[in-house]
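A quick write-up on the structure given underneath.
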Amino acid sequence: MRNEELLLLIGKLNYAWTNTESLLIYLMAFLMRSGKDVAIVTFLTLNTSRARLEFIERLLRLESADPEIRARLTPIVARMKMGARVRNKYNHCIYSFDENGDIEATQLLRIADYGDTLKYGKIEALDDVEISRIDEVISEIIAINRSIFDFIREKNIRY
């Protein structure tokens, strides 16, 4: 039963994140002062969450960016990057199982160079504390979505 609950939680994490990603199109269109079609092409060309968030950060750092907009959106983007890290972890890992077949750990699919040696596959427990953390991240992503929706409504962004 624990596996099923965990997989549903990871599915909920992905669903919440997908909604957040779709809102980036509106922020891009607003910041680029373009139409939705240009923002969609930009969004699809930047094919990772990281690239899309970095793009928005760079638009906000332009001299031409409104300081009030920069102050409002920069913390939202920072919060999104934290959520993206957790989402990426659970989408790009291998799951380890205990003798009962329950998921007990994740093994990251990342290589780190340390001089003449390589380290890969960092293993992290998937215990009750980590499950609570995933749940907290989902709540944070939902709050981020609301913040972006509020911004879109306040700025009357319609595309």
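Values in this text are rule-based calculations from the coordinates and carry no lab data. Small disclaimer: the values here were computed from a predicted structure and weren't measured. For neighbour counting, all protein chains shown are included, and Cβ atoms are generated from backbone atoms with ideal geometry for every residue, glycine included.
The figures follow:
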item	result
Loop-exposed GluC sites (Glu not before Pro) per DSSP, neighbour cap 15 Cβ within 10 angstrom, longest uninterrupted part of the chain	1-62
Cβ charges +1 (Lys, Arg) and -1 (Asp, Glu), total dipole of the chain, debye	1020
Helical segments meeting 24 Å axial Cα length and Kyte-Doolittle -0.5 threshold in the chain (DSSP H)	2-32, 128-154
Residue-count net charge about residue 143 - beta-carbon cut-off 12 Å; Lys, Arg +1, Asp, Glu -1	-1
Reach of residue 81 by Cα under 24 Å, taken over lysines that are not fewer than 8 positions away in the same chain	12, 36, 89, 122, 155
Estimated 222 nm signal from helices in the chain, with DSSP H stretches of n ≥ 4 weighted -39500 (n - 2.57), rounded to 500	-23000 deg cm²/dmol
Structure-derived semi-axes √(5λ) of the Cα gyration tensor in Å: which label, when the choices are (1) 34, 19, 13; (2) 33, 23, 14; (3) 24, 17, 16	(1)
Relative contact order %, the range 1-145, counting alpha carbon pairs below 8 Å whose residues are six or more apart	25
DSSP loop trypsin sites (Lys or Arg not before Pro) with at most 16 other Cβ within 10 Å excluded, longest remaining stretch of the chain	34-109
Relative contact order (%) - criterion: Cα under 8 Å, at least six apart; region: the range 2-86	24
Cα centroid separation, the range 14-44 to the range 102-117 (Å)	32
